[in-house]
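Working notes, beginning with the structure itself.
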Amino acid sequence: MTPPEDPEEPEGRPDYRVYRSRRGLFARRRGGDDRDDLSRLRGDGPQPSTAGERPKRGKDRGGTLGKRRRKPLSGGRIVGWILLAALAWIVLSVLVFLVSAQIQQGKVSDANQYLGGAGYPLTSPNNVLVLGSDVRPASSLEPGAQKTGNGRSDSIMLMRVGGGANSRLSIARDTIVDIPGAGRQKINAAYAIGGTALAVRTIEQYTHVDINHVVIVSFDDFPNLIDAMGGITYQGGCVVSRINGGFKNGGYTLRLPAGKTHIDGKQALALARTRKNACNHREDDLTRARRQQKIVSAMKRRLLSPMAFVRLPLISWNVPKALRSDMSGPTLLGLFGALAFAGTPHTEILGTLSGQVPDSLRQARVRRFLAG
């Protein structure tokens, strides 16, 4: 029952009642307060927002602008993103290289008992034997090509690299030496007779150089490596050669003009194997060794070019396949790092046209090699 109005009370005083509202369900869960609800109704407290809803731009009740400021796209930020992307590309390439090297490492293990004895190639001098086999893949159509076994070592080179050392010694494949257990023969027969182990023993006995590691160049995978690089630029004289009879007989015909020429993998392999050049009949096996050094130098220049960086993961996968080694992935990576920083040295050629090398010449070449 409503009490009667007091006639003495002044007129104009508002008649009001106080109501208490029940807290909402979500307010209870988030621990809200009735005073917060009242403040929101008045417009002077925090307003509710939907999760994930972006604030609307424009003037709010207080008259302020609710704009989100974004940092301007500066040149420094662009350079930072580019450097980050380049670093990620290099890391990916290194991982691809390590995986590929681990797969190939077990394929060169027969000479492990004769190898070792040096530190990490990036910081310590290492003597590395590089052999190129003339064995062909089973799909080869070249008549007389050897498709099984090791094959003869088509190229033989010693590299001394790491810790400031940087020298090369190329041994002519027809050099006559004493092969342990096989008598006096051409040095390239050692690999065909006893594989990597006998080749290492023969060359150590002949040169008196302790070999720390070995790299086998696979002629089957070598063209794929050159193509992964996008080819190489070779500079030299005119070359016309017919490998194993040329195209007409199932082999390969190579024609290169004098000067600079960009060549692909098959051309590079044929050039490395060329012994008889129709453009210059005076060339011999020593000329062939010098030409192989030019190919190695051209590959190195290509690897240091911007185009190689774009193709880096593809190159990283093909390098261990074309250059099989006893070295693990990290050690092989250290070797290539040492080669990249070492520059391109002069290559000494050990050999004669007759295959008989005087001891004085052999000793002089080896001394220069070890001093490099």
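For the reader, a short list of remarks on this structure follows.
- Of residues in segment 223-252 being open to solvent by 20 Å² or more (accessible area, probe 1.4 Å) and of a type in the set (Ser, Thr, Tyr), the one farthest from Leu271 (Cα to Cα): Thr233
- Matching residues in segment 339-371 - criterion: being open to solvent by 50 Å² or more (accessible area, probe 1.4 Å), small (Gly, Ala, Ser) and over 17 Å from Val177 (Cα atoms): Ala371
- Among residues of segment 337-372 being within 30 Å of Ser93 (Cβ to Cβ) and assigned to a helix (DSSP H, G or I), the one that is nearest to the chain's Cα centre (by Cα) is Gly337.
- Of residues in segment 96-117 being open to solvent by 100 Å² or more (accessible area, probe 1.4 Å) and either part of a helix (DSSP H, G or I) or over 20 Å from Leu198 (Cβ atoms) (or both), the one modelled with the lowest pLDDT: Gln113
- Out of Asp220, Asp210, one residue alone is touching a residue at least 12 places away in the same chain (Cβ under 8 Å), crowded, with 16+ Cβ neighbours inside 10 Å and among the acidic types (Asp, Glu). It is Asp220.
- Against the criterion of being under 26 Å from Pro121 (Cβ atoms) and without any contact (Cβ under 8 Å) to a residue 40 or more places away in the chain, Gln205 qualifies.
Yes or no, residue by residue, for (1) farther than 19 Å from Ser218 by Cβ; (2) surrounded by fewer than 21 Cβ atoms within 10 Å (Cβ to Cβ):
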position: Gln267; (1), (2): no, no
position: Arg275; (1), (2): yes, yes
position: Glu283; (1), (2): yes, yes
position: Thr287; (1), (2): yes, yes
position: Arg290; (1), (2): yes, yes
position: Lys300; (1), (2): no, yes
position: Leu303; (1), (2): no, yes
position: Arg311; (1), (2): yes, yes
position: Lys321; (1), (2): no, yes
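- Residue count for segment 307-336, restricted to those that are within 19 Å of Asn126 (Cα to Cα), of a type outside the set (S, T, N, Q) and assigned to a helix (DSSP H, G or I): 8
- Selected residue (only one of Val296, Val310 is without any contact (Cβ under 8 Å) to a residue 12 or more places away in the chain and closer than 25 Å to Leu87 by Cα): Val310
The values are calculated or read from the model by the stated rules, or taken from the named source; none is laboratory data. As the structure is a prediction and not an experimental result, all values here were calculated from the model. A quick note on method: Cβ atoms are made from the backbone with ideal geometry, for glycine too, and the neighbour counts reach across all protein chains shown. What goes into the accessible areas is simple: the full protein's heavy atoms, side chains included, and nothing from ligands, DNA or RNA. Shrake-Rupley method; radii C 1.70, N 1.55, O 1.52, S 1.80 Å.
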